[in-house]
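All remarks here apply to the structure that follows.
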Amino acid sequence: MMRLQGRRCLVVGAGPVGLRKAQGLLAAGAEVVLVDPQRPAKEVPGAAEFRQRPFREDDLDGAFLAFAAAGDSEVNRAV
């Protein structure tokens, strides 16, 4: 078990898989940052921050944990 309370966690991709990951992190008390170039922010409830743009390497700055759920193998490898 990881203690995620108050920890910044990054989820790249806000599709079904990414949203499930984000919900689990939120339930554990994590501060969730979501990055997705397509999904509107209003469809991402509970996220501390939503970045509606493609993933950039500096999205990882300060993240305790990161999940690659972009649905694009090249983006997922970059994460």
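Annotations for the structure displayed:
- For the stretch 31-54, filtered to residues that are surrounded by 13 or more Cβ atoms within 10 Å (Cβ to Cβ) and among the charged types (D, E, K, R), the residue that is modelled with the lowest pLDDT is Arg39.
Yes or no, residue by residue, for (1) at pLDDT below 95; (2) touching a Lys or Arg at 6+ places or on another chain (Cβ under 6 Å); (3) not aliphatic (A, V, I, L, M):
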site: Leu10; (1), (2), (3): no, no, no
site: Glu57; (1), (2), (3): no, no, yes
site: Phe67; (1), (2), (3): no, yes, yes
site: Ala78; (1), (2), (3): yes, no, no
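- Scanning the stretch 8-33 for residues that are part of a loop (DSSP other than H, G, I, E, B) and within 20 Å of Glu57 (Cβ to Cβ) returns Gly13, Ala14.
- Every condition in (1) surrounded by fewer than 16 Cβ atoms within 10 Å (Cβ to Cβ); (2) touching a strand residue (DSSP E or B) at 6+ places or on another chain (Cβ under 8 Å); (3) part of a loop (DSSP other than H, G, I, E, B) holds for Asn76 except the one numbered (3).
- Selection within the stretch 11-30 - out of contact with any Asp or Glu (no Cβ under 8 Å at 6 or more places or on another chain) and either among the hydrophobic types (A, V, I, L, M, F, W, C) or crowded, with 16+ Cβ neighbours inside 10 Å (or both): Val11, Val17, Leu19, Lys21, Ala22, Leu25, Leu26, Ala27, Ala28, Ala30
The values are calculated or read from the model by the stated rules, or taken from the named source; none is laboratory data. Note that this is a predicted model, so its numbers are computed, not measured. Virtual Cβ from ideal backbone geometry, glycine too; neighbours counted across all protein chains shown.
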